[in-house]
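What follows is a single structure, written as structure tokens, with notes after it.
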Amino acid sequence: MKVYLDYNATAPIREETRRAMEPLLFGAIEAGAFGNASSIHWAGREARKHLERARTKIAELVQRKPSEIVFTSGATEADNLALRGILAKSSARRLIISAVEHPAVIETAAFLEREGVEVDRVAVDAEGRLDLAALDRALSRPAALISIMAVNNETGVISPIEEVLDRAKKAGVLTHVDAVQAAGRIPLPLDADLISLSAHKVGGPKGIGALITRATLPIEPLLFGGPQERGHRGGTEAVPLAAGFAAALEKALADRDQENTRLAAIRERIDRGLAAIEGVRVLGANARRVANTTTALFSGVEAETLLHALDLEGVAASSGSACASGSLEPSHVLLAMGVPKNEALSAVRFSLGWASRIDDANRLIEVLPPLVRRARGG
Ligand code: PLP
């Protein structure tokens, strides 16, 4: 039996996504959807129609104008575009992020720091909750931008985004929210100036995401080339991916409440199974968390060992952020939460999504206890 418990890394493609993309990928030549959306002929016009339909759908879902949706290759690019694009045009050479952002933000901030930008990293507490006093201190001096994620990809802990947006607005600081792990799980932070989204986390195709902007915001492009995406990003538009993205996002947002109820019950089964194993601690258990994620520390166990053992049983889980998997570096998120280095290396994340079933949780908690015993050398 194959059990997939790694939705925070990526999700399987939804049926709605396939239906939206298939005609654009495999339609008849005469239908023209294969065209270059910038061409003036019938095929180009057909492709453009589908591209703008996808853009308009996403704009409706995030309550913006279609002209404020910039398609990117994913959220990594959207995060890069937000931070680098805004800082390049701003006279304030200061950026505020949190200590637990995704590497797409952390590493972009580190790059900007090397370029002379002052970067403030707001701390979190032991539960992964943003330190609001530290936030206020950071916002007490001028900054070009504050970038805070809506939901942490490693722990599922929900950020107090309304407070962040409110305080940043009062301080006159532009706001960017990486909402990748929020889409379909909590309401999107629509009041943010800039929002990053990724299609493949909501059951859309890999290779597309979006930066939601405001028409009035000056942003320096990352990719120079043609005038596509209103000059924000050169390059031939990925029309089938855009259509798949719009369909997946629509479904994910529409199903949010019922999925939260359904997934909470599955996660509850996992959490109860974890609680029955000695020396296991769920991270952020006392914080507000999304319903789909549980990350636990397995005392005396190396996460890599446990993940390989789970994999042999057909269970796919993760040791935190996908990008960090395979390396033995402890997660910066867990270190920021005050987890000691050796314990951080024992963290395993289980994350659920649209195709998860209660049987997945049952199988996990059936195979897990003996694997943990064995990983502890027992
Ligand atoms: N931001 C967060 C919070 C994520 O979880 C991820 C993916 O792991 C990304 C950004 C990067 O998204 P993409 O894979 O679309 O580049």
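Can you sort Phe245, Phe224, Phe298 so the residue with the fewest Cβ neighbours within 10 Å comes first?
Ordered by Cβ neighbours within 10 Å, fewest first: Phe224, Phe298, Phe245.
What's the magnitude of the charge dipole for the chain around its Cα centre, counting Lys and Arg as +1 and Asp and Glu as -1 at the beta-carbon? Answer in Debye, nearest 20.
The dipole of the chain has a size of about 480 debye.
Once a ≥ b ≥ c are taken as the square roots of the eigenvalues of the Cα gyration tensor of the range 245-305, is the result rounded (a/c under 1.5), prolate (a/b larger than b/c) or oblate (a/b not larger than b/c)?
Prolate is the answer for the range 245-305, as a/c is 1.5 or above and a/b outweighs b/c.
Would you pull out the residues with amide H under 5 Å of Gly338's amide H, same chain only if 5 or more places away, H placed 1.01 Å from N?
Residues meeting the criterion, in which the H sits 1.01 Å from N, do not exist here.
Helix-only mean residue ellipticity at 222 nm, the chain, DSSP H runs n ≥ 4 weighted -39,500 (n - 2.57), per residue, nearest 500. What is it? It would help to have the intermediate numbers written out before the result.
Values: 12 runs with 151 residues, N = 378.
After summing the helix terms and dividing by the residues of the chain, the value is -12500 deg cm²/dmol.
Can you list the residues, at least 5 places off or on another chain, whose amide H is less than 5 Å from the amide H of Gly203, using H built in the peptide plane?
When sequence neighbours closer than 5 places are left aside, the close amide H contacts are Ala11.
Compute the Cα gyration tensor for the range 285-378, then decide on rounded, prolate or oblate, letting a ≥ b ≥ c be the square roots of its eigenvalues: rounded whenever a/c is under 1.5, prolate when a/b is larger than b/c in the other cases, and oblate in all that remain.
Oblate shape, in that a/c is at least 1.5 and b/c is the bigger or equal ratio.
Over the range 23-115, what portion of Cα pair distances is larger than 19 Å, expressed as a whole percent? Mind dumping the intermediate values first?
Details: 2506 of 4278 pairs.
Every Cα pair in the range 23-115 considered, those over 19 Å come to 59 percent.
Using +1 at the C-beta of Lys and Arg and -1 at the C-beta of Asp and Glu, which of Phe111, Ile58, Ala238 has the Cα lying farthest in the positive direction of the dipole of the chain?
Towards the positive end, the residue furthest out is Ile58.
At R0 = 41 Å, how high is the FRET efficiency between Val282 and Glu30 if r is their beta carbon distance? Nearest 0.05 is fine. Present the calculation step by step, with values, prior to reporting the outcome.
Working: r = 56 Å, r/R0 = 1.37.
It comes out at approximately 0.15.
Which whole-Hz couplings ³J(HN,Hα) result when phi for each residue of the range 200-216 is put into the Karplus expression 6.51 cos²θ - 1.76 cosθ + 1.60, θ = phi - 60°, listed in order with x for Gly and Pro?
Listing the rounded values in order: 6, 7, 10, x, x, x, 6, x, 8, x, 8, 9, 8, 10, 10, 3, 7 Hz.
So how do Glu343, Glu101, Glu278 line up by other beta-carbon neighbours within 10 Å, fewest first?
Placing the least packed residue first, the sequence is Glu278, Glu343, Glu101.
Using only C-alpha positions, report the orientation-averaged shadow area of the convex hull of the range 2-74, nm², one decimal.
Spelled out: convex hull of the Cα atoms, projected over all directions, averaged, 6.8 nm².
What are the ³J(HN,Hα) couplings of the range 345-353, residue after residue, when phi is run through the Karplus curve with 6.51, -1.76, 1.60 and θ = phi - 60°? Round to Hz, x for glycine and proline.
6, 9, 7, 10, 10, 10, 9, 10, x
For the residues Ser67, Ser198, Ser90, Ser318, what sequence is obtained by ranking on other C-beta atoms within 10 Å, fewest first?
On the way: Ser67 12, Ser198 29, Ser90 18, Ser318 23.
The order, fewest Cβ neighbours first, is Ser67, Ser90, Ser318, Ser198.
For the range 127-272, what does the equivalent ellipsoid look like in terms of its semi-axes, each the square root of 5 times an eigenvalue of the Cα gyration tensor, given largest first in whole Å? Spell out each step's value before the answer.
On the way: eigenvalues 144, 129, 24 Å².
With the √(5λ) rule applied to the range 127-272, the semi-axes are 27, 25, 11 Å.
Say we join alpha carbon atoms closer than 10 Å with springs in a Gaussian network model of the chain; which of Gly85, Gly184, Gly156 then has the biggest fluctuation?
Greatest mean-square fluctuation among the candidates belongs to Gly85.
Can you tell me the Rg and Dmax of the chain, counting just the alpha carbons, in angstroms?
For the chain, the Cα radius of gyration and maximum Cα-Cα distance read 21.2, 69 Å.
Take the Cα pairs of the range 163-206, get the Kirkwood Rh, then feed it into Stokes-Einstein at 20 °C and 1.002 mPa s and tell me D in µm²/s.
My calculation gives 189 µm²/s for D.
For the range 65-144, what D do you get in µm² per second when you plug the Kirkwood radius from alpha-carbon pairs into Stokes-Einstein at 10 °C and 1.306 mPa s?
Values: Rh = 13.6 Å.
Once the numbers are plugged in, D ends up at 116 µm²/s.
Using the Kyte-Doolittle scale, find the helices of the chain whose mean hydropathy is at least -0.5 and whose Cα atoms extend 24 Å or more along the helix's long axis, counting only whole DSSP H runs.
The qualifying helices are 358-375.
With an 8 Å cut-off on Cα pairs and a minimum separation of 6 or more residues, tell me the relative contact order of the range 176-238 in percent.
The normalised contact order for the range 176-238 reaches 21 percent.
Can you list the HN-Hα couplings for the range 5-11, worked out from phi with the Karplus curve (6.51, -1.76, 1.60; θ = phi - 60°), rounded to whole Hz and with x for Gly and Pro?
For the range 5-11, the Karplus curve yields 10, 9, 5, 6, 7, 6, 10 Hz.
Bear in mind that the values in this text are calculations on the coordinates, not laboratory data. What you see is a predicted model, and the numbers here were worked out from it, not measured in a lab. Neighbour counts are summed over all protein chains in view; Cβ atoms, including those assigned to glycine, are modelled from backbone coordinates with ideal geometry.
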